[in-house]
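Asker: Before I ask anything, here is the structure I am working with.
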Amino acid sequence: MENFIKKYKLGLIGIVLGGILGYAYYHFIGCNTGTCAITSKPFNSSVYGMVMGYLILSTFEKTKENK
């Protein structure tokens, strides 16, 4: 488990930060009409933020190439 956390540290941080920012976007900006697919519900907004946070921060992880 410790190796997993060390290996994917930036991705996990991206998931947490993305979830927080996704919920904050829903709470402060949201969707006035309720027809927005992502921002109409806090769950959708948080999950979208988690996915985007992971994708963005995981690009900075170092990878080892086995030869």
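The values are calculated or read from the model by the stated rules, or taken from the named source; none is laboratory data. Predicted model, so just to flag it, every value in this text is computed and none were measured. When we count neighbours, we look across all protein chains shown, and the Cβ atoms used for this are built from the backbone with ideal geometry, even at glycine. Just so you know, the surface numbers come from the protein's heavy atoms only, side chains and all, with ligands and any DNA or RNA stripped out. Shrake-Rupley method; radii C 1.70, N 1.55, O 1.52, S 1.80 Å.
Asker: Which value in nm describes the separation of the simple spin-label points at V51 and I5, placed 7 Å from the Cα toward the beta carbon?
Answerer: In this crude spin-label approximation the distance works out to 2.8 nm.
Asker: Okay, moving on. For the chain, which whole percent of the accessible surface, found with a 1.4 angstrom probe, sits on carbon and sulfur atoms?
Answerer: 65
Asker: In nm, give the distance between the simple-model label positions of K41 and A24, each being 7 Å from the Cα along the Cα-to-Cβ direction.
Answerer: 2.4
Asker: Under a 1.4 Å probe, what is the accessible area of the chain per residue, stated in Å²?
Answerer: Heavy-atom SASA per residue in the chain reads 84 Å².
Asker: Mind checking the stretch 1-43 for trypsin sites (Lys or Arg not before Pro) that DSSP puts in a loop (not H, G, I, E or B) and that have at most 15 other Cβ atoms within 10 Å?
Answerer: none
Asker: Run through every distinct alpha carbon pair of the chain and return the Kirkwood hydrodynamic radius in angstroms, one decimal place.
Answerer: About 12.9 Å for the chain.
Asker: So which GluC sites (Glu not before Pro) in the chain end up in coil per DSSP with only 11 or fewer other C-beta atoms within 10 Å?
Answerer: Taking the chain and a limit of 11 other Cβ atoms within 10 Å, the loop GluC sites (Glu not before Pro) found are E65.
Asker: Here's something else I'd like to know. Before anything else, pin down the relative contact order of the stretch 1-47: Cα pairs under 8 Å, at least 6 apart, normalised by residue count, whole percent.
Answerer: Contact order relative to length: 36 percent.
Asker: On a 0 to 90° scale, report how tilted helix 9-28 is relative to the longest principal axis of the chain, with both axes built from alpha carbons and the result rounded to the nearest 10.
Answerer: Here the helix axis deviates by roughly 10 degrees.
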